[in-house]
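As structure tokens, the structure follows; a few thoughts come after it.
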Amino acid sequence: DKLKSAFLANMSHDIRTPMNAIVGFAGMLADCAYTPEKVLDYAHKITYSSKHLLSLINDILDMSKIESGETALKLTDFSLQSLEEELQGIIGPQASKKQQEFKLEYKGQLPAMVHSDRMRINQILLNLLSNAVKYTPEGGHVRLLIEGQPGHGKGFSHVQFVVQDDGYGMSEEFQKQLFKPFTREYNEDTRDIQGTGIGMAIVKNIVELLGGNITVVSAKGKGTTFTVLLEMAVALAAKEQQVEKLDEHS
């Protein structure tokens with residue numbers, strides 16, 4: 001199967017990125033065994049990269065499950081702000097390596113806690129942000145905006161994730177193929193950038209599995225903006241806390 005062969009040949013970069021981080025931080029960990037602050041920092045970064053690697057392996061080694069829509073969700077209560085440390089831990093070093101500025105910003109009415117699949121949302125954002133870093137030249141800018149808006153029903157919130165870069169951008173023709181597996185755009189700017197060509201297909205599948213949608217605005221030489229819109233349940237624990245606060249003030 002030609003698609004499978006192309007996939008196996010091209011997936012090395014996506015796996016090597018977190019693997020190299022794990023090996024690198026493990027070596028640094030050994031060098032600073034008597035500096036507790038650095039040990040804790042590197043241990044955290046190894047954990048984050050390990051989780052990223054595991055999520056990659058779980059998905060890319062079972063394409064049939066993803067394509068057939070059999071990927072299961074694991075719903076838990078969590079804070080959207082809790083994603084920040086992991087995203088900074090993985091994307092921060094990637095951006096710094098290319099002298100890029102990476103910003104994470106919040107806007108609007110974000111619920112204290114949501115009830116959704118934390119790992120899958122993290123996977124969506126890591127994929128989009130890693131691509132933004134990868135397809136933005138040195139000295140560029142990458143931004144993640146997490147914006148909360150009132151949901152359609154009581155107990156729900158619209159959460160919009162906007163990943164924006166001022167990188168190479170994509171042609172209008174390629175944007176039509178963007179979410180198909182194993183598709184990549186090869187040109188003067190991107191021909192030396194490795195990748196599996198599967199990441200965006202996985203992202204679209206997960207976004208739709210979560211009941212959301214993803215859109216892209218891009219132009220050659222003018223950067224790219226991905227917008228993921230999800231309607232998320234406000235966590236029961238957060239609702240109870242809000243009720244308790246109201247009781248305290250009454």
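The values are calculated or read from the model by the stated rules, or taken from the named source; none is laboratory data. Keep in mind it's a predicted model, so treat the numbers as computed, not measured. All Cβ positions, even for glycine, are placed from backbone atoms using ideal geometry, and neighbour counts span all protein chains on display. Surface areas here come from the heavy atoms of the whole protein model, side chains and all, with no ligands, DNA or RNA. Shrake-Rupley method; radii C 1.70, N 1.55, O 1.52, S 1.80 Å.
For this structure, a couple of remarks:
- Per-residue HN-Hα couplings for the range 210-225 [Karplus 6.51, -1.76, 1.60; θ = phi - 60°; Hz; x = Gly/Pro]: 7, x, x, 9, 10, 10, 9, 10, 7, 8, 4, x, 10, x, 9, 10
- Using the 1.4 Å probe convention, the accessible area of the range 83-186 works out to 46 Å² per residue with neighbouring protein chains retained.
- Nearest-0.05 FRET efficiency for Ala112 and Asn20, computed from C-beta distance (R0 25 Å): 0.10
- Unsatisfied cross-links (Cα-Cα over 27 Å) in the set Lys97/Lys180; Lys45/Lys180; Lys51/Lys97: Lys97/Lys180; Lys45/Lys180
- Computed from the C-beta positions of Ala30 and Ile57 and an R0 of 22 Å, the FRET efficiency is 0.30 to the nearest 0.05.
- Label-point separation in nm, Lys154 to Val39, each point 7 Å along Cα→Cβ: 5.2 nm
- Of the residues Lys103, Lys154, Lys222, Lys98, the one with the largest accessible area comes first in the ranking Lys154, Lys222, Lys103, Lys98, computed with a 1.4 Å probe on protein heavy atoms.
- Model label sites at Ala219 and Lys97, defined 7 Å from Cα along the beta-carbon direction, differ in position by 3.2 nm.
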